[in-house]
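Readers should treat all values here as calculations from the given coordinates under stated rules, not as data from a laboratory. Given the structure is predicted, the values throughout are model-derived calculations rather than measurements. Methodologically, a virtual Cβ is constructed for each residue, glycine included, from the backbone with ideal geometry; neighbour enumeration extends over all protein chains shown.
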Amino acid sequence: MRADNDVTRIITTMPEVQELLRTADAIYHKGWAERNGGNLSRLLILPNEPDFYVQREFPLTIDVPENLLGQLVIITGSGVYLKNVMREPEASLALLRIRPDRAELLWGLSGTFDRPSSELAAHLLSHGVRLAADPSHRVLVHTHATNAVAMSAVVPLDEREFTLKLWRQCTEAVMFLYDGVAVLPWMPCGTAEIGLRTADKLADRRAVIWARHGVFASGASADEALGLVEIIDKAAELYLKIAHLPVTFELSDEQLREMSALLGLTVREGYV
Ligand code: 2HA
Ligand code: ZN
């Protein structure tokens, strides 16, 4: 069996894991991960698996998606501050193998944080639906994006209305959020319920706003997943910045159609 520090080196030097570490750091620097807010995970495919041994097991009470069985998922630990993940990856992250009724800890959680993220259910259920929808899917990020949360306090929680308001703010909003942004009403976090409802929304979209809480977004890479949150938050920031001013111009349905036609995008049906 390899020494643990070999496994740590193999995992933490993988480009996909490096990207995850940079993303945790970036989220913190955006001010979207106060204290232990936010969490992120990635489906990890290792070309040559080190000799892992199961260090601990966490029972799972959700119906684990079939397409995740036997897969490796790397996820931030419960209570971890995203600002520390880059400096302390082995204490901050958990590498899990997904089994029908449990997650096996293969690496990580080496310090005081001893459980995977409280949003593990949302991550696993959402990986299942996103992977089924798009085989290139890999990453989920949950952040407390400030402007997106603020917008959820002043705009009706109707996903068509919310999405259209985002699209109208700036040229590129429709380009990257063409499939629309789902909205969930406020509910307690860290539950199977929020996980089930999030995954349900992500079956045909890549991002969900949790009212008065944050954003949950997916992508083929951490850059893509965080990029979606960045676009949502930028459009929300523009909306809020001018909401009290007499707005003389915003993108019309016609202009949104023009942009989507130019880019050959299939925008969410029935929105414009
Ligand atoms: O990780 O953000 O939603 C802490 C949270 C829970
Ligand atoms: Zn949160």
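A few notes on this one:
- Qualifying residue in the range 143-153 (condition: over 22 Å from A243 (Cα atoms) and touching a residue at least 60 places away in the same chain (Cβ under 8 Å)): yes
- Of the set (1) more than 16 Å from ligand 2 (Cβ to nearest atom); (2) among the hydroxyl-bearing types (S, T, Y); (3) under 19 Å from the mean Cα position of the chain (by Cα), all apply to Y53 but (3).
- Residue within the range 230-249 that is within 16 Å of ligand 1 (Cβ to nearest atom) and in contact with a helix residue (DSSP H, G or I) (Cβ under 8 Å, 6 or more places away or on another chain) present: yes
- Positions within the range 49-79 being out of contact with any strand residue (DSSP E or B) (no Cβ under 8 Å at 6 or more places or on another chain) and under 14 Å from L109 (Cα atoms), in sequence order: G79
- When the range 136-174 is filtered for residues that are out of contact with any Asp or Glu (no Cβ under 8 Å at 6 or more places or on another chain) and among the basic types (K, R), the ones remaining, listed by number, are R160, K165.
- Test: H144 is closer than 26 Å to I27 by Cα, away from ligand 2 (no atom under 16 Å from the Cβ) and within 17 Å of the chain's Cα centre (by Cα): no
- Of residues in the range 23-50 being free of Cβ contacts under 8 Å to residues at least 60 places away in the same chain and within 16 Å of ligand 2 (Cβ to nearest atom), the one surrounded by the fewest Cβ atoms within 10 Å (Cβ to Cβ): R35
- Condition met for W167 (away from ligand 1 (no atom under 16 Å from the Cβ), aromatic (F, W, Y) and buried (at least 22 other Cβ atoms within 10 Å of the Cβ)): yes
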